[in-house]
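Worksheet for the structure shown next.
The values are calculated or read from the model by the stated rules, or taken from the named source; none is laboratory data. Note that the structure is predicted; figures quoted are calculated from it, not measured. Heads up, the Cβs are rebuilt from the backbone with ideal geometry, glycines too, and the neighbour counts pull from every protein chain shown. To get the accessible areas, we keep the full protein, side chains included, count just its heavy atoms, and leave off ligands, DNA and RNA. Shrake-Rupley method; radii C 1.70, N 1.55, O 1.52, S 1.80 Å.
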Protein chains: 2
Amino acid sequence: MDINDIEHFLRLHSIRPSHHRIRVYQYLVENRNHPSVDIIYQELIRDIPTLSKTTLYNTLELFLEKGVAILITIDENERRYDADTSFHGHFRCNTCGQIFDIRLHTVPRELESMEGFEINESHIYFKGLCPKCLERGNS
Amino acid sequence: MDINDIEHFLRLHSIRPSHHRIRVYQYLVENRNHPSVDIIYQELIRDIPTLSKTTLYNTLELFLEKGVAILITIDENERRYDADTSFHGHFRCNTCGQIFDIRLHTVPRELESMEGFEINESHIYFKGLCPKCLERGNS
DNA sequence: TTATTTAATTGTAACCATTACATACTTGTA
DNA sequence: TACAAGTATGTAATGGTTACAATTAAATAA
């Protein structure tokens, strides 16, 4: 996704495409690693030495509001973000901490017990051990 | 659930039933409100004036390890606990903050894309507006 | 029961992600 | 160019959680 596309995309979602916002969104799109604020910060600060963490928090909060990113709370300690807003699940390895996307076949429609509720977000989280860490632990 | 039953239950899960542990577990069982640490603390401190928050954190961490409670991370700001360890979903109202249990019919078995993973926990979270807040907002 | 060992609890301080807020800077528009 | 509105910055505060050393309680054996 090139800069112009990102600019256009952000505008489409009524987000003014400032330099920083473009860079943050670009990072999210190109790195599907469900990064924490600190990971994004450490990565971008190398190119944008004046970047502040408050700006990151503001920008990410704006992305959530405008619906171009989602918040993942699978980690108890810090928030993680994902530019893939389509419905999918996540798996976190309890050893290495990595977060994997899980393609979901059966979209949960538990509407029976949820009449009268307005559902805006659905999240499915799995936790356990990823193949690499499993292998490492067995050897 | 009376004190002796709780004591026995904790022992069964290799948890030494100290006074505080019994009280904490009793609170969790009798109050299915998915409390935060602070809520439990405010409630128990009235009866146990010497209770410390560190003890609460230690106790709840032990409960998680031993599998007699689960951690709910549906709230971005604080951890919540549930003595109901059977598989069920949760709904959080974005207005009043209340957390509801959701009975799930279709247990997610997304095993296709998850071969090689060891799954220890599954969580399903919904967020939106509860009936009461919806009604209040419309009037 | 008493002595002894081990485990549980406490209180304080530290930690760290997140937020508040006032200031400074950019950008868009006339 | 000048103005207004929107963005970004840095510092300090907030608040949930953790580390740790000291104290207290519980379990076991003599």
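So which pairs qualify, if the first residue must be in segment B:34-49 and away from chain A (no Cβ under 14 Å) and more than 25 Å from B:His88 (Cα to Cα), the second must be more than 13 Å from DNA strand C (Cβ to nearest atom) and assigned to a helix (DSSP H, G or I), the Cβ gap must be under 7 Å, and the two must be at least 6 apart or on different chains?
B:Glu43/B:Tyr27; B:Leu44/B:Tyr27
Could you please let me know if B:His19 is assigned by TED's automatic domain parsing to the domain that holds B:Val68, more than 29 Å from B:Cys96 (Cα to Cα) and near DNA strand C (Cβ under 8 Å from one of its atoms)?
In short, yes.
Which condition number in (1) of a type outside the set (Lys, Arg); (2) more than 14 Å from every other protein chain (Cβ to nearest Cβ); (3) open to solvent by less than 20 Å² (accessible area, probe 1.4 Å); (4) not in a loop (DSSP other than H, G, I, E, B) is the one that A:Cys133 fails?
Result: A:Cys133 fails condition (2) only.
Tally time: how many residues in segment A:81-93 are away from DNA strand D (no atom under 16 Å from the Cβ) and either more than 21 Å from A:Thr59 (Cβ to Cβ) or not in a loop (DSSP other than H, G, I, E, B) (or both)?
Selection size over segment A:81-93: 8.
On the given criteria, is B:Tyr81 of a type in the set (Ser, Thr, Tyr), at pLDDT 95 or above, in contact with a helix residue (DSSP H, G or I) (Cβ under 7 Å, 6 or more places away or on another chain) and more than 30 Å from A:Glu118 (Cα to Cα)?
Considered against the rule, which asks whether it is of a type in the set (Ser, Thr, Tyr), at pLDDT 95 or above, in contact with a helix residue (DSSP H, G or I) (Cβ under 7 Å, 6 or more places away or on another chain) and more than 30 Å from A:Glu118 (Cα to Cα), B:Tyr81 comes out as no.
Residues of segment A:58-107 being within 14 Å of DNA strand C (Cβ to nearest atom), farther than 24 Å from A:Arg23 by Cβ and either at the interface with another protein chain (Cβ under 8 Å from one of its Cβ atoms) or surrounded by 16 or more Cβ atoms within 10 Å (Cβ to Cβ) (or both), which ones?
If the condition is that a residue be within 14 Å of DNA strand C (Cβ to nearest atom), farther than 24 Å from A:Arg23 by Cβ and either at the interface with another protein chain (Cβ under 8 Å from one of its Cβ atoms) or surrounded by 16 or more Cβ atoms within 10 Å (Cβ to Cβ) (or both), then A:Thr73, A:Ile74, A:Glu76 are the ones that fit.
Scan segment B:43-57 for residues that are within 11 Å of DNA strand D (Cβ to nearest atom) and open to solvent by 70 Å² or more (accessible area, probe 1.4 Å) and jot them down.
Once the filter is applied, which keeps residues that are within 11 Å of DNA strand D (Cβ to nearest atom) and open to solvent by 70 Å² or more (accessible area, probe 1.4 Å), segment B:43-57 yields B:Thr50, B:Lys53, B:Thr54, B:Tyr57.
Determine whether segment A:97-120 contains at least one residue that is assigned by TED's automatic domain parsing to the domain that holds A:Leu12 and part of a helix (DSSP H, G or I).
Within segment A:97-120, not a single residue is assigned by TED's automatic domain parsing to the domain that holds A:Leu12 and part of a helix (DSSP H, G or I).
Given the structure, is A:Thr50 in a loop (DSSP other than H, G, I, E, B) and among the hydroxyl-bearing types (Ser, Thr, Tyr)?
It is true that A:Thr50 is in a loop (DSSP other than H, G, I, E, B) and among the hydroxyl-bearing types (Ser, Thr, Tyr).
Limited to segment B:86-116, what total is found for residues that are farther than 26 Å from B:Ser36 by Cα, modelled with pLDDT of 80 or more and not small (Gly, Ala, Ser)?
2
If we keep just the residues of segment A:1-33 that are in contact (Cβ under 8 Å) with a residue 24 or more places away in the chain and among the hydrophobic types (A, V, I, L, M, F, W, C), which is surrounded by the fewest Cβ atoms within 10 Å (Cβ to Cβ)?
In this case the residue turns out to be A:Met1.
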